[in-house]
Amino acid sequence: MTLAVVAAAEGFSFGGNWPLGLAFLGIAVFAAVGALSHEHERAFSASLIYLGLGLIAAVGLTVLDVGWVDPVEDATLLERVAELAVIVALFSAGLKVDRALRWREWGTVVRLLAIAMPVTIALAAVFGHLVMGLGLGAAIVLGAALAPTDPVLAGDIGIGPPGEEDEQEPHFAITAEAGLNDGLAFPFVLLGLLVAAETGSFAEWAAADVVYGIFGAVAVGAGLGVAIAWSIVRLRDRELLIPALDGWFGVAGTLVIYGVAETLGTYGFLAVFAGGLAFRGYERDHEVNGRVHNGAEIVEKFGELAVILLLGSMLTLDGLGAPGAWGWALALGLVFVIRPLAVNLALLGSPMERPGERAFVAWFGVRGVGTLYYVAAAVAGGTPLASEDRDLLVWTAIACVIVSIVLHGVTAGPLNRWLTRRLLSG
């Protein structure tokens, strides 16, 4: 006898949590479409709406007494969801960039990567170890997870789609920094795990996780990006592919590049950004570029919805209390002290001198999906991190992401419009 017949035989029967959850998810998608439709006209970003919906879900799950995802115990699920959102965002970011690969064009970004990022890792790690009491390895993982500028949430304040606007330095710096430092943070995460395990060779780490991992990823991403662009353009010019499906090539290209790079033991995050750059550079005036980017960006936006909605739904009072006063102090200090200090140190003597430019880059060190990915990856499976460090590590990172979503989400629209007016008038 089917369930439907049993239900009918028993009279009125109402659905359980699954259909209710589907209905809520549908409402969330409606809200996301509305939020994205007029995103640049509001004083706050769509991520705030997603976080609010997640909080509503968290309250509902508590009221209904439904067991849900725990960011520590179910770290593998959080890792995979965040991973997919980040890689699509990175490929999309690479597709936006029109600048030639010359020092004069990328000097500011190199400064942010070579100076600001290590300084951020060091300061956050020292705070985590000496003030919060994390083990040294866990503290290094925390610093590495908090250092990257998130490519998903930073999309609102970076450069626009291919060919639609000039790449002003502050916006370009944020987009390019976000595209590269998510991959470059990985060696430091692995260093933290190496220190926590108290085994392994630092020389092997330098050779395999730094040199091979980074340069191998760039080579794989650039090579596959050109190959994919070449094949798509040739097939499109011969009318073997219909234009209506061009947007899906962004997703397909992302998955291919990331999968190959990770299979070869290199950094997939870095590879997909390099792949996006190579794809864009192959035939930058071809009409397929814009459509591939648009498709990737749509998937990116709904990936952002999925991760932030999941983040909000996982929040509990016990979890929010886990970082303690010092953990929440780090979250605020990262925005108001560590990021501004690191960026201003990195940009001393740089060409970025117009009013507001340096302050804009220093303020918008957005922490988000990439941070969640790194801490989830660090605590998942057979991690060498101590159990008491895992809870503190994960929930402190979540606190930093929440603070960033709120503060940067509220200020993104107004400050972006203010800077645009200053650049146009200056």
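The values are calculated or read from the model by the stated rules, or taken from the named source; none is laboratory data. On a predicted model such as this, the values are computed, not experimentally measured, just so you know. Cβ atoms come from the backbone with ideal geometry, glycine included; neighbour counts cover every protein chain shown.
Among the numbered criteria (1) in contact with a Leu (Cβ under 9 Å, 6 or more places away or on another chain); (2) over 25 Å from residue 179 (Cβ atoms); (3) among the hydrophobic types (A, V, I, L, M, F, W, C); (4) surrounded by fewer than 23 Cβ atoms within 10 Å (Cβ to Cβ), which single criterion is violated by residue 330?
Evaluating residue 330 over (1) in contact with a Leu (Cβ under 9 Å, 6 or more places away or on another chain); (2) over 25 Å from residue 179 (Cβ atoms); (3) among the hydrophobic types (A, V, I, L, M, F, W, C); (4) surrounded by fewer than 23 Cβ atoms within 10 Å (Cβ to Cβ) leaves (4) as the failure.
Six or more apart or on different chains, Cβ under 6 Å: which pairs go from a residue in segment 51-63 that's under 17 Å from residue 31 (Cα atoms) to one that's modelled with pLDDT of 90 or more and of a type in the set (Val, Ile, Thr)? Could you list them?
51/308; 51/405
Of the conditions (1) modelled with pLDDT under 85; (2) more than 17 Å from residue 293 (Cα to Cα), residue 218 satisfies every one except a single condition; which number is it?
The single condition residue 218 does not satisfy is (1).
Looking at segment 94-132, which of its residues are in contact (Cβ under 8 Å) with a residue 12 or more places away in the chain, small (Gly, Ala, Ser) and in contact with a helix residue (DSSP H, G or I) (Cβ under 9 Å, 6 or more places away or on another chain)?
If the condition is that a residue be in contact (Cβ under 8 Å) with a residue 12 or more places away in the chain, small (Gly, Ala, Ser) and in contact with a helix residue (DSSP H, G or I) (Cβ under 9 Å, 6 or more places away or on another chain), then 94, 114, 116, 122, 124, 125, 128 are the ones that fit.
I'd like to know if segment 196-206 contains one or more residues that are crowded, with 21+ Cβ neighbours inside 10 Å and either more than 18 Å from the chain's Cα centre (by Cα) or over 17 Å from residue 272 (Cα atoms) (or both).
Checked against the condition, which is being crowded, with 21+ Cβ neighbours inside 10 Å and either more than 18 Å from the chain's Cα centre (by Cα) or over 17 Å from residue 272 (Cα atoms) (or both), segment 196-206 yields at least one hit.
Yes or no: residue 358 crowded, with 18+ Cβ neighbours inside 10 Å, under 17 Å from residue 128 (Cβ atoms) and among the basic types (Lys, Arg)?
Answer is no for this residue.
From the list 233, 189, 220, which residue is of a type in the set (Val, Ile, Thr), touching a residue at least 12 places away in the same chain (Cβ under 8 Å), within 29 Å of residue 125 (Cβ to Cβ) and crowded, with 17+ Cβ neighbours inside 10 Å?
189
Looking at 333, 250, can you tell me which residue is small (Gly, Ala, Ser) and either in contact with a strand residue (DSSP E or B) (Cβ under 7 Å, 6 or more places away or on another chain) or within 30 Å of residue 131 (Cα to Cα) (or both)?
333
Against the condition over 29 Å from residue 365 (Cα atoms), at pLDDT below 90 and among the β-branched types (Val, Ile, Thr), how does residue 298 come out, does it pass?
no
So how many residues does segment 152-184 have that are modelled with pLDDT of 70 or more, in a loop (DSSP other than H, G, I, E, B) and farther than 21 Å from residue 275 by Cβ?
Final tally of qualifying residues: 2.
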